[in-house]
């Protein structure tokens with residue numbers, strides 16, 4: 001239930017459509033990173049992101065309930081990992097395959113994400129929260 005309330009809080013905190021959204025200083029600093037620093041920051045942000053931790057913990061607690069063999073579990077985790085990397089893989093593919101147009105496309109994507117970050121997080125938190133509440137209700141009813 002706490003996650004659902006956090007989703008509501010995030011939704012209410014989103015900026016108005018015409019509001020100027022300032023890029024956080026730490027995010028602006030990313031433009032100056034070398035490839036090694038960017039990779040390190042990516043690992044750090046991925047590992048410490050609460051949203052990612054919720055997904056990982058959720059997967060770790062649900063997967064054993066299916067009584068899968070070791071190889072089936074490995075396949076499930078591989079699929080999970082591939083899906084989890086889409087957020088990084090798409091911008092990288094844009095950069096690698098679009099050539100000179102990539103900078104404009106990535107800048108547009110960056111601006112959209114900065115403007116809509118709060119709304120995206122609110123929706124994700126709502127989905128996670130509703131799923132957790134539904135699982136709790138199902139568990140209590142059983």
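The numbers here are math on the coordinates, done by the rules we state, and not lab data. Please read all numbers here as calculations on a predicted model, not as lab measurements. Please note: Cβ atoms are built from the backbone with ideal geometry, for glycine as well, and neighbour counts cover all protein chains shown.
Taking other C-beta atoms within 10 Å as the exposure proxy, 125, 132, 53 rank 53, 132, 125 from fewest upward.
Helix 102-141 versus the longest principal axis of the chain: what is the Cα-based angle in degrees, 0 to 90, to the nearest 10? Tilt relative to the chain: about 10 degrees.
Per-residue Cβ neighbour counts within 10 Å put 37, 25 in the sequence 25, 37, beginning with the fewest.
Each label was represented as a point 7 Å from its Cα along the Cα-to-Cβ direction; for residue 43 and residue 62 these points are 2.8 nm apart. With neighbours defined as other Cβ atoms within 10 Å of a residue's Cβ, the residues 46, 71 order from fewest to most as 71, 46. Measuring r between the beta carbons of residue 19 and residue 89 and using R0 = 30 Å, the FRET efficiency lands at 0.45. When both the range 47-63 and the range 1-37 are represented by their alpha-carbon centers, they are found 21 Å apart.
In the chain, the calculated helix contribution to ellipticity at 222 nm averages -25500 deg cm²/dmol per residue, counting -39,500 (n - 2.57) for every DSSP H run with n ≥ 4.
One Cα centroid belongs to the range 103-142, the other to the range 65-99; the line between them spans 18 Å.
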